[in-house]
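The values are calculated or read from the model by the stated rules, or taken from the named source; none is laboratory data. Since the model is a prediction, treat every value here as computed from it, not as a measurement. Methodologically, a virtual Cβ is constructed for each residue, glycine included, from the backbone with ideal geometry; neighbour enumeration extends over all protein chains shown.
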Amino acid sequence: MSARLDQYGVIGHPVAHSWSPFIHGMFAKQTGQELTYRLYDVAPEQFRERVLDFFAGGGRGLNVTLPHKPAAAALCNELSARAERAGAVNTLSFDGRVISGDNTDGAGLARDLISNLGLTIARRRVLIVGAGGAVRGVIAPLLELDPVELVIAGRSPERAQALAAEFTDLGPVRGCALPELSLGAFDLLINATSASLSGEVPEIPHEAVNATTVCYDMAYAKGETAFVRWARNQGCGRAVQGWGMLVEQAAESFQIWRGIRPETGAVLALLSQPHNPAVKKPSPLAAPTAS
């Protein structure tokens, strides 16, 4: 029977940590959609062939996680405006003729910040720590929220500056190395690095955080991440991890595929409970923006 259902999945390397089968299973049950959703662990050199085989075999859509998002963009016949701007794709769709690519990461982050957390970004200072692939999809959506300044800080000033330069037409964004951060606290500090995977925290100057700063880890775990612990120790106003972004970007993908947007509150409530026996834990920690 499952062979007749529409096929979806998440493709990455590694991908065993992914919560996407749980999330999309909940969405399907909630909306009455019949589909299958599986994990596909595929090495970079096999990515193109495996995606084409998946769609040739009747597959309808794939979420794309690290390290394949740029390769997914290159594979598409057509890109959404936000995917083209990001140069990265996390949602692939196939209509039997054309492979389409979209990027729902930034929309997921913005929705979590505004709708779930109730934050105001307009006229606020925002810092993104990291200049890797996890950042590309969120810069434009963050600038659309009208911050007074968006700073991208990483280990390599050249990489951070080059990334920021791609988006200067959209708003006040600049790149620098972490030690070069101007003194003064930010209103929102986003960790977009994978440092939490190894229990580490980037070398963020203490002056970047004060009692009103909201610290947001794009990584997520059943329990506090290293960054969340660090942020609390710095005396931040609020420290959260990226469960909301994960669920909201998945809902965006689901809507692209099925034409209906699921409610995210119940799924997010389940995932964000540290010891909920109803939720099977695939791994202790997942990387930023990984589906």
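For this structure, a couple of remarks:
- Residue within region 124-136 that is assigned to a loop (DSSP other than H, G, I, E, B) and surrounded by fewer than 22 Cβ atoms within 10 Å (Cβ to Cβ) present: yes
- Residue list for region 154-168, restricted to those being surrounded by fewer than 19 Cβ atoms within 10 Å (Cβ to Cβ) and under 25 Å from residue 112 (Cα atoms): 166, 168
- Residue list for region 74-88, filter: of a type in the set (A, V, I, L, M, F, W, C), within 21 Å of residue 142 (Cα to Cα) and at pLDDT 95 or above: 79, 81, 83
- Selection within region 84-114 - without any contact (Cβ under 8 Å) to a residue 24 or more places away in the chain and either within 26 Å of residue 219 (Cα to Cα) or in contact with an Asp or Glu (Cβ under 7 Å, 6 or more places away or on another chain) (or both): 84, 98
- When region 62-101 is filtered for residues that are more than 24 Å from residue 21 (Cβ to Cβ) and buried (at least 24 other Cβ atoms within 10 Å of the Cβ), only 86 remains.
- Residue check for residue 184: under 23 Å from residue 234 (Cβ atoms) and either surrounded by fewer than 24 Cβ atoms within 10 Å (Cβ to Cβ) or among the basic types (Lys, Arg) (or both): yes
- In the set (1) at pLDDT 95 or above; (2) surrounded by fewer than 21 Cβ atoms within 10 Å (Cβ to Cβ); (3) out of contact with any helix residue (DSSP H, G or I) (no Cβ under 7 Å at 6 or more places or on another chain), residue 151 fails one condition alone, (2).
- Taken over region 146-160, the residue count meeting the criterion of being assigned to a loop (DSSP other than H, G, I, E, B) and either of a type in the set (Asp, Glu) or touching a Phe, Trp or Tyr at 6+ places or on another chain (Cβ under 6 Å) (or both) is 1.
- Residue in region 194-201 that is assigned to a strand (DSSP E or B), within 19 Å of the chain's Cα centre (by Cα), crowded, with 22+ Cβ neighbours inside 10 Å and touching a residue at least 12 places away in the same chain (Cβ under 8 Å) present: no
- Filter pass, residue 228 being in a loop (DSSP other than H, G, I, E, B), touching a helix residue (DSSP H, G or I) at 6+ places or on another chain (Cβ under 9 Å), crowded, with 19+ Cβ neighbours inside 10 Å and among the aliphatic types (A, V, I, L, M): no
- Qualifying residue in region 14-26 (condition: in contact with a strand residue (DSSP E or B) (Cβ under 9 Å, 6 or more places away or on another chain), modelled with pLDDT of 95 or more and over 25 Å from residue 243 (Cα atoms)): no
- For region 139-146, the condition holds for no residue, the condition being that it is β-branched (Val, Ile, Thr), surrounded by fewer than 17 Cβ atoms within 10 Å (Cβ to Cβ) and touching a residue at least 12 places away in the same chain (Cβ under 8 Å).
- Exactly one residue out of 49, 45, 84 is part of a helix (DSSP H, G or I) and within 21 Å of residue 166 (Cβ to Cβ): that is 84.
- Qualifying residue in region 120-128 (condition: small (Gly, Ala, Ser) and touching a residue at least 60 places away in the same chain (Cβ under 8 Å)): no
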